[in-house]
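The values are calculated or read from the model by the stated rules, or taken from the named source; none is laboratory data. Just so we're clear, the structure is a prediction, and the values are computed from it rather than from any experiment. Cβ coordinates were reconstructed from backbone atoms using ideal geometry, including for glycine residues, and neighbour counts include every protein chain displayed.
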Ligand code: AFP
């Protein structure tokens, strides 16, 4: 089989008019930065990157050293290329402007530099998630409000999964595609084109320890799944939970399934657990481009109008039939 590198893939997409040179450069730069994050993640104790950084992020969460390192790598890599107007990170309160010394581009980049950071110290998969928006025209100084665009406005989105293999999964609105990092040659190589998520599934991902805190529609839905072949669903379901959204979504993009982080009494005051701009929107874009669905329990995630840079929402995504059912249960409530 002839191997196609990420760069070749992007050049071909440019020739087809699917993306422009600046967006293509942006994706290459993010991919290159993530190779460095993969190296840092892989070193573990040998690189002195395990454990806490001794700081809290904007959400009041304790930062791990690798959260801080990954954030720095992405900021530094994206500062000078001329493809960005500004960046926003889950780890920083305010957007980061491009330094005056460098040319400015037409794009806005949002990222969760290291998703699933509780997995770092136990050597389980973690990831980076990113989303790209167009910067509104005529802006001299980019503010948080310029990032508050609904997910349907995303030009590209993706994640890099640092697991036994380092994988980049990418969309720019023409399907969802997977690239595997060939560590010997240092390039991402196309390994799956046009990923499709099966419409039906018998596998779900949720943190069951929160069950008693859920709202009635969620309790009803999961109760019915757990009744298995003797219940109203008439089949047995399996459960998986990696506690890193990137890994859980990657399983869905590989063999189908659904991922849920519903509203519960613990996260209700914040509106949910997962961040709309750094996690929900990019994952919704990837999942929809692969034929799946993504809602907040009531409506399509990508149509939500963001109200804050660090806004959180409930997330339901994956195989279409299950997402339609769980959404119906919430809408009927
Ligand atoms: P961190 O990156 O702060 O560890 O959070 C990961 C995450 O946002 C998401 O990737 C997981 O699906 C989810 O949290 C796990 O949440 P629980 O720890 O509540 O299971």
Original post:
Do we have any residue at all in region 277-287 that's away from the ligand (no atom under 16 Å from the Cβ) and either modelled with pLDDT of 95 or more or closer than 22 Å to residue 131 by Cα (or both)?
Top reply: yes
Original post:
What are the residue pairs meeting all of these: first residue in region 245-262, first residue within 19 Å of residue 191 (Cα to Cα), second residue more than 8 Å from the ligand (Cβ to nearest atom) and in a helix (DSSP H, G or I), Cβ atoms under 9 Å, and 6 or more apart or on different chains?
Top reply: 246/283; 249/283; 249/286; 249/287; 252/287; 253/286; 253/287
Original post:
Taking the condition more than 14 Å from the chain's Cα centre (by Cα), touching a residue at least 24 places away in the same chain (Cβ under 8 Å), surrounded by fewer than 20 Cβ atoms within 10 Å (Cβ to Cβ) and at negative phi, does residue 143 pass?
Top reply: yes
**OP:** Go through (1) part of a loop (DSSP other than H, G, I, E, B); (2) touching a residue at least 12 places away in the same chain (Cβ under 8 Å); (3) out of contact with any strand residue (DSSP E or B) (no Cβ under 6 Å at 6 or more places or on another chain) one by one and return the number of the condition residue 138 breaks.
**Re:** (2)
Original post:
Which number in (1) more than 16 Å from the ligand (Cβ to nearest atom); (2) surrounded by fewer than 16 Cβ atoms within 10 Å (Cβ to Cβ) marks the one condition that residue 87 misses?
Top reply: (2)
Original post:
Of the conditions (1) surrounded by 15 or more Cβ atoms within 10 Å (Cβ to Cβ); (2) more than 16 Å from the ligand (Cβ to nearest atom); (3) touching a residue at least 40 places away in the same chain (Cβ under 8 Å); (4) under 24 Å from residue 296 (Cβ atoms), residue 200 fails just one. Which one is it?
Top reply: (1)
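For the structure I just gave you, tell me whether residue 108 is under 20 Å from residue 81 (Cα atoms), without any contact (Cβ under 8 Å) to a residue 60 or more places away in the chain and touching a strand residue (DSSP E or B) at 6+ places or on another chain (Cβ under 6 Å). Break it down into steps so the answer makes sense when it comes.
Numbers: under 20 Å from residue 81 (Cα atoms): yes; without any contact (Cβ under 8 Å) to a residue 60 or more places away in the chain: yes; touching a strand residue (DSSP E or B) at 6+ places or on another chain (Cβ under 6 Å): yes.
Against the criterion (under 20 Å from residue 81 (Cα atoms), without any contact (Cβ under 8 Å) to a residue 60 or more places away in the chain and touching a strand residue (DSSP E or B) at 6+ places or on another chain (Cβ under 6 Å)), residue 108 qualifies.
Going by the structure shown, is residue 191 surrounded by 14 or more Cβ atoms within 10 Å (Cβ to Cβ), outside any strand (DSSP E or B) and either away from the ligand (no atom under 16 Å from the Cβ) or within 20 Å of the chain's Cα centre (by Cα) (or both)?
Working: surrounded by 14 or more Cβ atoms within 10 Å (Cβ to Cβ): yes; outside any strand (DSSP E or B): no; either away from the ligand (no atom under 16 Å from the Cβ) or within 20 Å of the chain's Cα centre (by Cα) (or both): yes.
No, not satisfied.
Would you be able to say whether some residue in region 300-310 is in a strand (DSSP E or B) and either over 30 Å from residue 144 (Cβ atoms) or within 16 Å of the ligand (Cβ to nearest atom) (or both)?
No; the residues of region 300-310 include none that is in a strand (DSSP E or B) and either over 30 Å from residue 144 (Cβ atoms) or within 16 Å of the ligand (Cβ to nearest atom) (or both).
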Original post:
Hey, residue 94 hits all of (1) in a loop (DSSP other than H, G, I, E, B); (2) free of Cβ contacts under 8 Å to residues at least 12 places away in the same chain but one; which does it fall short on?
Top reply: (2)
Original post:
Is there any pair with a first residue in region 114-132 that is in contact (Cβ under 8 Å) with a residue 60 or more places away in the chain and within 16 Å of residue 283 (Cβ to Cβ) and a second that is near the ligand (Cβ under 9 Å from one of its atoms) and part of a helix (DSSP H, G or I) whose Cβ atoms are under 6 Å apart and which are 6 or more apart or on different chains, and what are they?
Top reply: 114/67; 115/245; 115/246; 125/247; 126/119; 127/246; 129/279
